[in-house]
Amino acid sequence: MQATSNSPPSSRLWPRIVLAGPLAFITAGLIMGGGALWLPEGAEHIDNLVLPIVLFPAIWALVFFYACLDRRIGRAYWVVLIAALVNAALIARHLIRS
Amino acid sequence: MVRLPQQEARTLLAIHGWSGVLLGMLLYAVIVTGVASVFADEIGDWSSPLAEVPAERFPPNSGAALKAFAKTVDPQFYESTFFFPRAGGRLYTFFHRHEQDADGEPIERGVHADLDPATGQVIARHEGTGEQIEQLDAPNALANFFIDMHVRLHVPDPWGLLLTGMLGLAMMVAAVTGFVIHRHLIKELFTLRRHRQKLLAMRDIHVVAGTWNLPFAFILAFTGSFYSFSGSFGIPVMAMIAFGGDQQQAIEAIVGNPPAGDATPAGIGDIDAMMADARRRAGAEVSFLAVEHWGRADAHMTLFMMPAEGQLIGTIYTYDGVSGSWLSEKPSLGKVPSAGGTLSALMAPLHFGNFAGIASKAVWFALGFAGAYVTFTGMLLWTQRRIELPAWRRFGRGVAWVGYGLPLSLIVVGYAYFPVRAAGGDVNGAMMNLFLVTAAISGVLAIVLSPALLRGVLLATTGVSLAGLPLLRWCSGGPSWPQALASGHLGVIAIDVAVLLAGALCLAALRRRRPAPRKAQPSVDATAAGATQA
């Protein structure tokens, strides 16, 4: 961010960039993949597959803006990591069972 | 008007600026080529017209011509077939089977032909993978050059798609933050003041164009990143989770294609009669025909219709491939309507703007052009405000290079396409080489010339290049205007005129001067910065 007196120091900026950048993207990808397992299938049995793909940009945007705007970065890390881990665990369990 | 606490507003403002600055130049390339791609069909018709303009997308006996061609194709490629009109009205067909490449990625291998819509004769025929055939597709190569840059920046899959997907997300972020940080959104829709300071005038135009463009920018960014990520990331992930990694099986299940059933050899039904029936049912022209299991008892036809008047999405009908009897109206995904299928079907008209013919395309073109302008002026404003810092001065030169050099580099690919195609050479290689050479020369000029002189040289060269394209097209074997008038190629003349007008506009723009980089003037810079931040 712009180097002004109002900008956060880089020691606080980089953790935020890591969270809103790669971690937010990976989390959105895991939510998309996990959605195939917890979303309703619908009458044609494809909603759980199609909706997460179509809504992926929106999922990413939600995670990204939350990661940017939560004033308590520690809490933001916890929320994002929990969302990622829950979906990763669902996917892993499904793959192991199948 | 959105009221935010100061800290959040500052964060969003920083995100708005940096999302544009970090990826703005690539995003500009994607938007500019996207604007051109809106008229990809028309560019194909303009660059490769046939002797006569077909009266319909599928003239009478098109189906009979397809059946005649199928007899010359090895039955191993009967698994799947496309049939639709492309550049100049050539009827493009691709009989193919599905395979996996060395990396396990799904590919198509088969036989392609362009059929003359007037006679049904084979104009061109190639065999190979879908990618190899596309490389040999000279009639559509000019339009494909723009589309490939728009879709994947000419970077191989999946990296190019991932890159443009990221750019779409950055554009979405810029649109959302642009909406939130504007404290006086309604007022700024109509605020275009006459400033003596060019920087402030440019800022006003940026804000007005950007504000009007916000909803459209959001829609394009969302749908664009959906298209980029669905193929490169979404479908592979879903295939891994639900189909054991088999992407082809995932696609067929989601699309709702019937599984292979009865392989008994059988003739194919009357395709022209099926198309006539579909036209009558939909009240619209056929857009695209797909055939599964050609020559077998389980042959299955899917006819994709153009949107009927007042509709956003075209209807899809399925037919029994052997008897030709109508089977069902099908949603775009699956066999019965679903939330996912409906949402997915909306993506195409919203992204391509092709639901109401030339009228909606013209609107999408104009809004896309405004988006390119907003991206460019946003980067210019950002660098102008930081012009005292050497790093930003260098970045400013980069912005000018891409802003003026990219359109020029795209225009000159026509100077490779027309003569090389007339000579029967490799048009794709020639276009890419000339594009890269022009971009490199523009880059050198960006280093050695002042920004004002660079703008003048690149704009003048772009204007002259545009003005010369119709002449080059004609000299390379294309129809002259009298010939085009006589044969009904009004689209060729229309694009010639549009190209000449664009050239004239570039030359006219030379009379207007951009604000020259200057020493900081605190009062003006503070006003501009504050205004931009508002």
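The values are calculated or read from the model by the stated rules, or taken from the named source; none is laboratory data. Small disclaimer: the values here were computed from a predicted structure and weren't measured. Virtual Cβ from ideal backbone geometry, glycine too; neighbours counted across all protein chains shown. Each accessible area value is taken on the protein alone, full model and side chains, heavy atoms only, with ligands, DNA and RNA left out. Shrake-Rupley method; radii C 1.70, N 1.55, O 1.52, S 1.80 Å.
The set of residues in the stretch B:383-403 being basic (K, R) and modelled with pLDDT of 90 or more consists of B:R397 alone. Would you check if there is a residue in the stretch B:412-429 being out of contact with any helix residue (DSSP H, G or I) (no Cβ under 9 Å at 6 or more places or on another chain) and more than 30 Å from B:L199 (Cβ to Cβ)? Taking every residue of the stretch B:412-429 in turn, at least one turns out to be out of contact with any helix residue (DSSP H, G or I) (no Cβ under 9 Å at 6 or more places or on another chain) and more than 30 Å from B:L199 (Cβ to Cβ). Within the stretch B:13-27, restricting attention to residues that are at pLDDT 85 or above and in contact with a Gly (Cβ under 9 Å, 6 or more places away or on another chain), the residue that is most open to solvent (accessible area, probe 1.4 Å) is B:M25.
Across the stretch B:131-160, the number of residues qualifying as assigned to a helix (DSSP H, G or I) and more than 19 Å from the chain's Cα centre (by Cα) comes to 2. Does the stretch B:285-294 contain at least one residue that is open to solvent by less than 40 Å² (accessible area, probe 1.4 Å) and at positive phi? Within the stretch B:285-294 (the criterion being open to solvent by less than 40 Å² (accessible area, probe 1.4 Å) and at positive phi), the answer is yes, since at least one residue qualifies. In this entry, B:L115 passes the filter for residues that are crowded, with 21+ Cβ neighbours inside 10 Å and free of Cβ contacts under 8 Å to residues at least 60 places away in the same chain.
Can you spot a residue in the stretch B:326-342 that is more than 14 Å from chain A (Cβ to nearest Cβ) and either closer than 30 Å to B:V32 by Cβ or open to solvent by less than 60 Å² (accessible area, probe 1.4 Å) (or both)? No, the stretch B:326-342 contains no residue that is more than 14 Å from chain A (Cβ to nearest Cβ) and either closer than 30 Å to B:V32 by Cβ or open to solvent by less than 60 Å² (accessible area, probe 1.4 Å) (or both).
Among all positions in the stretch B:265-277, there is no residue which is open to solvent by 30 Å² or more (accessible area, probe 1.4 Å), under 30 Å from the mean Cα position of the chain (by Cα) and not small (G, A, S).
Here's the yes/no breakdown for (1) under 19 Å from B:L454 (Cα atoms); (2) of a type in the set (V, I, T); (3) open to solvent by 20 Å² or more (accessible area, probe 1.4 Å):
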residue	(1), (2), (3)
B:T383	yes, yes, no
B:G396	yes, no, no
B:W401	yes, no, yes
B:L410	yes, no, no
B:Y415	no, no, yes
B:D426	no, no, yes
B:A430	no, no, yes
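Among the residues of the stretch A:70-98, just one is free of Cβ contacts under 8 Å to residues at least 12 places away in the same chain and surrounded by 16 or more Cβ atoms within 10 Å (Cβ to Cβ), namely A:D70. In the stretch A:38-57, what residues are of a type in the set (D, E, K, R) and open to solvent by less than 70 Å² (accessible area, probe 1.4 Å)? Within the stretch A:38-57, A:E44, A:D47 qualify. Mind listing just one residue for me: the one in the stretch B:404-435 that is in a helix (DSSP H, G or I) and without any contact (Cβ under 8 Å) to a residue 12 or more places away in the chain and, of those, farthest from B:T377 (Cα to Cα)? Among those residues, the one meeting the criterion is B:V420.
A residue that is assigned to a helix (DSSP H, G or I) and more than 11 Å from every other protein chain (Cβ to nearest Cβ) cannot be found anywhere in the stretch A:42-60.
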